[in-house]
1. If only one of 114, 101, 126 is in contact with a helix residue (DSSP H, G or I) (Cβ under 7 Å, 6 or more places away or on another chain) and more than 18 Å from residue 50 (Cβ to Cβ), which one is it?
2. Residue under question is residue 61, and the condition is that it be part of a helix (DSSP H, G or I), modelled with pLDDT of 95 or more and surrounded by 17 or more Cβ atoms within 10 Å (Cβ to Cβ); does it hold?
3. For region 135-169, name all the residues that are without any contact (Cβ under 8 Å) to a residue 40 or more places away in the chain, in contact with a helix residue (DSSP H, G or I) (Cβ under 8 Å, 6 or more places away or on another chain) and not in a helix (DSSP H, G or I).
4. Within the set of pairs 6+ apart or on separate chains, which have a first residue in region 66-88 that is under 18 Å from residue 124 (Cβ atoms), a second that is assigned to a helix (DSSP H, G or I), and C-beta atoms under 6 Å apart?
C-alpha cells in the first residue's frame, strides 16, 4: 500500500494557512473588536512583553510554512513517510492560531489559553512526526522548529496574561465587596 499525502489534503492545509494569515491581517487591519493586538497587550500590563518589532517573526513563520507546504505539492514531498500524518496536527495548529487571535481580541483571556495549548500541542505533534522520520530532509523540520520556538515563548506570555486577568478579576471582586459589603443571604 502506497501511503501518500493527497493533493486535496495539501490544498486543505494551504487553505488553513491562508485563513490564519487573513485572521492575523484582520486582527490589526480592521481591527477585530475595534482594537489591535498591540493595544490589547499594552492594556494588560504584563511585566514582560517583547517590543513590537519582535512580532514580525509571524511574517517569517508564515513564509516558511508556505514554502514548506509547497514542497508537499510535489509527488516526492507527498511520499515522505511522515506526510500522511500531517493533516490533522496542521489543522489543529491553524485552529489554535486563529482561535487565539479572535479570543484575544474579544478579551476572552481564559479561552486564549485553550487555543494556545491546542496550537502548542499540535506543533509538538508535527515536530515529533517529522523528527522521527528517517526520510526527512534538512528543511522538513525547520519551519515547524521556528514556529514551535515562538509559540513556546507565546505560551509563557499567555500564562502571564491569564494570571493578570485572574488577579484583575479578584481585585474587582474585592473592591466590590469592600464597597458594597459582604452579601447576606
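The values are calculated or read from the model by the stated rules, or taken from the named source; none is laboratory data. The structure displayed is predicted, hence computed values, not measured ones. As a convention, Cβ positions derive from the backbone with ideal geometry for all residues, glycine included, and neighbour counts pool all protein chains shown.
1. Numbers: 114 fails: in contact with a helix residue (DSSP H, G or I) (Cβ under 7 Å, 6 or more places away or on another chain); 101 fails: more than 18 Å from residue 50 (Cβ to Cβ).
Just one listed residue meets the conditions, 126.
2. Values: part of a helix (DSSP H, G or I): yes; modelled with pLDDT of 95 or more: yes; surrounded by 17 or more Cβ atoms within 10 Å (Cβ to Cβ): yes.
Yes; evaluated as a whole, the condition is true for this residue.
3. The one that is without any contact (Cβ under 8 Å) to a residue 40 or more places away in the chain, in contact with a helix residue (DSSP H, G or I) (Cβ under 8 Å, 6 or more places away or on another chain) and not in a helix (DSSP H, G or I): 141.
4. 68/143; 82/129; 82/130; 85/129; 87/9
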